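Quick notes on the structure that follows.
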Amino acid sequence: MWRRKRSLNDFSDEIRSHLEHEADDLRTTGGHADAAGEARRAFGNITRTREAFYEHGRLSIRDSFTRDLRHALRLFRRRPALSGVIVLTLAIGIGANSAIFGLINAVLLRPLPYREPQNLAMLWSQDVAHGRVEGRVSLLNFADWKRKSHSFEDMTLFIGQTFLLGNRNGPPERMRSARVSANFLPMLGIEPVLGRSFTTSEESRGERVVLLSYSLWQRNFGGSADAIGADLLMDGRKSRIIGVMPASFQYPFADTQVWEPLTAHPYWASRDRDGGRSASNWYVLARLGRGSSWAQAQGEMEAIAQQLAAQYPEDRNLPDIAVVPLDVQTTARIERPLLVLFASVFLMLLIACANVANLLLAEGSAREQEFSLRRALGASRVTLAWQLLIESLVLCMAGGAIGIPLAALSLKALVAFGPRDIPRLAEAHIDPATLLFTLGVSTLAALASGLWPAFRGGISFTRGRQWNTPGNRRLRNALVAAEFSIALVLLAGAGLMIKSFLRLSAVEPGFQPHNLLVMRVDLHVGRTADQQVAYFRDAIDRVQALPGVRSAGAIEGFLRSDPEEAVEIEGRPMQRPGPSEDSIEGAFFTTSGIAIERGRVFTTQDRRDSPPVAIVNQAAARAYWPGEDPIGKRFRFPSDTAKPWVTVVGVAGDMHRQGLENETVPQVFFPLAQQTDDMMEILVRTSSDAGALGPLVRATVQSIDNSVAKFDVLSVEQQLGEQTSDRRFQTLL
């Protein structure tokens, strides 16, 4: 195909050989004096035969393409201003599409890095009728699920746990571990890069063995193989390191640093092992069996859920089980925003193509003399159209070439400034799939922007009309109208998102976030309930004594809270779902700016040995005592039926603790002395800039006990910003 001279020479040699043989035959049989001339006359037009060979082969197509390509490159250099405008216009559209495709490829399209990830699923216990979705599972229910199910090849358990990592050079660090079953890693098909994973026998014996994350191995052991067999100090207990996980593996939690057998933690003996069916603390991962479908698995698990609910009604088992493929579970929250964003940048590319098509149509009127000359020399409609398409292809490929570095820069910005909870965001980069997509988009842009000019130009000059015809002017006007129409769609969408974001920002959170600091303190295991209460009271007193601090208090989790499954109101049937519950200490309501509408706050008289009391919010009062005064009313949780009823002594205002986009939910507060916790968030109300006081507050709390984990001090405004980061990110894009 690419060796034209040799091919034509071979064909010419074949013709010459044929003529020589024909002339020899004529001399032998007929004795012709001019045998060579007679042979040429019998053969016909030699030149036309060679032209036919050329035209019917690939040589003419190649030469035509090469000629038009050279011509397009000459035009590119001859009109730098117009070419530059077109190339930059296309580069923005192509670069934006390539960047978002790179993000979609990493987050949505690339398979999860596990063995046969399409067969993995999360199993959730839920009660859709009462708004309870993605509920966790008790050990007893899990055992029944695994025993009764035939659609799944295997099931495994895991749970997140925090621990304090011993540090020779200072206070311990708070980290997250994953307590997992022995079949957890084999089910995923993941092997340690160093050492081994733990066995079922080690799990059954509760041996304290751990696997390190790659980052923790590098940071604490310098990547040395000597880490295998060394001890890791977790909450003051030693665990033997037996392996190191791959650098890319972070499942099941993004910040997992250690994997350990679920039986190795002290909670296994003190809490987990003897938990009833209502102790729903565990996550379940399952692998679909060969020959089974998701529909079959869902139907089977629904039947199992109904059996358990009927068999153990007193244990309040949720009546539904949801089977969610792991890839859907991973990307469900972000899939629709990404696809909408991709559609938006595709519309932007269409605007760019319409711009380019209009520029090419307008520029065609300046090339009437050139096209007239080509038509006079015999150029057909297809030839003219092909030339214009090649010119568009050159411009679009140049736009794609510039769009690739623009896409790379955009992807870096997306990774740097995107919300941290977008799954696999850090894996987004320009890979071969993205380059192939860029090539395809560039070709599509060439067709979209060059097809109409090529088609109109071919018709006009083949039929002997001028380029600047009323039909072409109407087409150019139509392209302008199409550009404005598409731009209006994008602007309207952007305007609605901005309006929605402004409305979200204007939502009253129910507390005063300005000049408010929050820090999470983790005492963890090893302290008695009285010691926990004493520590947090001491911390609050010391912080409150600092200059610039107006008040201080503590709560389990200021901007996060999970509702209970149910609550029992005295004299009434079980209410579902139950309220969220938190322990508080100090001047929590004053510090946070939450008003007490009725009743009183907690006092020092609300001790462990005094009658249990609680403060509820207005949402709880409306939900559980509609039209009544809740002061003096009593309630308890199903898991605490052996304990006394809790009496409501106050009603507080509502606050958006589950996000500004969500409605306020029923909430109850308990005094820390009556319901202790080893992890609390200390709130500090300052009289001036909260950020400037952060280091002093951290040092003061840290000075109480150096064995307490390191913690970050953040402003509540920062935390609210993180809650709305997804919406802000989408609106900005």
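The values are calculated or read from the model by the stated rules, or taken from the named source; none is laboratory data. Predicted model only: the values in this text are computed from it and were never measured. Methodologically, a virtual Cβ is constructed for each residue, glycine included, from the backbone with ideal geometry; neighbour enumeration extends over all protein chains shown. Only protein heavy atoms, including side chains, enter the accessible area calculation; ligands, DNA and RNA are left aside. Shrake-Rupley method; radii C 1.70, N 1.55, O 1.52, S 1.80 Å.
Scanning segment 409-440 for residues that are out of contact with any Phe, Trp or Tyr (no Cβ under 9 Å at 6 or more places or on another chain), touching a residue at least 40 places away in the same chain (Cβ under 8 Å) and under 22 Å from ILE92 (Cβ atoms) yields SER410, LEU411, ALA428, HIS429, ILE430, ASP431. Tallying residues that are open to solvent by 20 Å² or more (accessible area, probe 1.4 Å), of a type outside the set (D, E, K, R) and closer than 21 Å to LEU326 by Cα within segment 125-138 yields 3. Please determine, by comparing only the residues of segment 691-721 that are without any contact (Cβ under 8 Å) to a residue 40 or more places away in the chain and more than 17 Å from GLN544 (Cα to Cα), which one is nearest to the chain's Cα centre (by Cα). Top of the filtered list is GLY721. Inside segment 62-109, residues that are more than 17 Å from GLU391 (Cα to Cα) and surrounded by 15 or more Cβ atoms within 10 Å (Cβ to Cβ) make up a count of 17. Selection of helices (runs of 4 or more DSSP H) fully inside segment 142-229 by the criterion of at least 2 residues being closer than 30 Å to GLN702 by Cα returns 214-221. Taking the criterion of being of a type outside the set (A, V, I, L, M) and open to solvent by 30 Å² or more (accessible area, probe 1.4 Å), the residues of segment 214-234 that qualify are TYR214, SER215, GLN218, ARG219, ASN220, PHE221, GLY222, SER224, ASP226, GLY229, ASP231. Out of segment 313-339, which residues are touching a residue at least 12 places away in the same chain (Cβ under 8 Å), among the β-branched types (Val, Ile, Thr) and part of a helix (DSSP H, G or I)? Answer for segment 313-339, where residues must be touching a residue at least 12 places away in the same chain (Cβ under 8 Å), among the β-branched types (Val, Ile, Thr) and part of a helix (DSSP H, G or I): THR330, THR331, ILE334. Limited to segment 573-612, what total is found for residues that are at negative phi, in contact (Cβ under 8 Å) with a residue 12 or more places away in the chain and in a loop (DSSP other than H, G, I, E, B)? Number of matching residues: 16.
So, in segment 242-270, of the ones that are more than 21 Å from the chain's Cα centre (by Cα) and polar (S, T, N, Q), which residue ends up surrounded by the most Cβ atoms within 10 Å (Cβ to Cβ)? My answer is THR263. Of all residue pairs spaced 6 or more apart or on separate chains, none has beta-carbon atoms under 7 Å together with a first member in segment 540-553 that is at positive phi and of a type in the set (Asp, Glu) and a second member that is surrounded by fewer than 15 Cβ atoms within 10 Å (Cβ to Cβ) and in a helix (DSSP H, G or I). All conditions in (1) at pLDDT 90 or above; (2) open to solvent by less than 40 Å² (accessible area, probe 1.4 Å); (3) farther than 29 Å from ASP726 by Cβ hold for ASP541, with the sole exception of (2). Whenever a residue of segment 255-267 is closer than 24 Å to PRO423 by Cβ, its partners that are part of a strand (DSSP E or B) and open to solvent by 30 Å² or more (accessible area, probe 1.4 Å), lying with C-beta atoms within less than 6 angstrom and at least six residues away or across chains, give the pairs ASP255/ARG176; THR256/ARG176. With respect to (1) under 20 Å from GLY593 (Cβ atoms); (2) open to solvent by less than 60 Å² (accessible area, probe 1.4 Å); (3) in contact with a strand residue (DSSP E or B) (Cβ under 6 Å, 6 or more places away or on another chain), the lone exception for GLN658 is condition (3). Somewhere in segment 404-424, is a residue outside any helix (DSSP H, G or I), of a type in the set (Asp, Glu) and surrounded by fewer than 20 Cβ atoms within 10 Å (Cβ to Cβ)? For segment 404-424, residues outside any helix (DSSP H, G or I), of a type in the set (Asp, Glu) and surrounded by fewer than 20 Cβ atoms within 10 Å (Cβ to Cβ): present.
The residues of segment 635-646 that are of a type in the set (Gly, Ala, Ser) and outside any loop (DSSP other than H, G, I, E, B) amount to a single one, SER639.
The combined condition, being open to solvent by 40 Å² or more (accessible area, probe 1.4 Å) and over 30 Å from MET175 (Cα atoms), is fulfilled by ARG336. For segment 179-211, the candidate set comprises residues that are among the polar types (S, T, N, Q) and in contact with a Ser or Thr (Cβ under 6 Å, 6 or more places away or on another chain); within that set, the residue that is nearest to LYS238 (Cα to Cα) is SER181. Scanning segment 162-174 for residues that are surrounded by 19 or more Cβ atoms within 10 Å (Cβ to Cβ) and either at pLDDT 85 or above or not basic (Lys, Arg) (or both) yields PHE163, LEU164, LEU165, PRO172. State all residues of segment 695-725 that are closer than 24 Å to GLY659 by Cβ and not β-branched (Val, Ile, Thr); if no residue qualifies, say none. Across segment 695-725, the qualifying residues are PHE711, ASP712, LEU714, SER715, GLU717, GLN718, GLN719, LEU720, GLY721, GLU722, GLN723, SER725. Can we say GLY632 is part of a strand (DSSP E or B) and within 15 Å of GLY599 (Cα to Cα)? So GLY632 does not fit the description; no. Looking only at residues of segment 503-517 that are in contact with a Ser or Thr (Cβ under 9 Å, 6 or more places away or on another chain) and in a helix (DSSP H, G or I), we find that the one that is most open to solvent (accessible area, probe 1.4 Å) is SER505. When segment 234-250 is limited to residues that are of a type outside the set (Gly, Ala, Ser), modelled with pLDDT of 90 or more and in contact with a strand residue (DSSP E or B) (Cβ under 8 Å, 6 or more places away or on another chain), the one that is nearest to GLY189 (Cα to Cα) turns out to be MET245.
The requirement of being at pLDDT below 85 and surrounded by 14 or more Cβ atoms within 10 Å (Cβ to Cβ) is fulfilled somewhere in segment 478-492, by at least one residue. Listed by position, the helices (runs of 4 or more DSSP H) contained in segment 672-733 that have at least 1 residues being of a type in the set (A, V, I, L, M), open to solvent by 40 Å² or more (accessible area, probe 1.4 Å) and under 24 Å from ASP541 (Cα atoms) are 690-704.
Residues being of a type in the set (Ser, Thr, Tyr) and modelled with pLDDT under 95 are entirely absent from segment 642-662.
Of all residues in segment 360-389, those satisfying the criterion of being open to solvent by 60 Å² or more (accessible area, probe 1.4 Å) and in contact (Cβ under 8 Å) with a residue 24 or more places away in the chain are ARG375, ARG381, VAL382, TRP386. So is THR590 in contact with a Ser or Thr (Cβ under 7 Å, 6 or more places away or on another chain), surrounded by fewer than 22 Cβ atoms within 10 Å (Cβ to Cβ) and of a type outside the set (A, V, I, L, M, F, W, C) or not? In short, yes.
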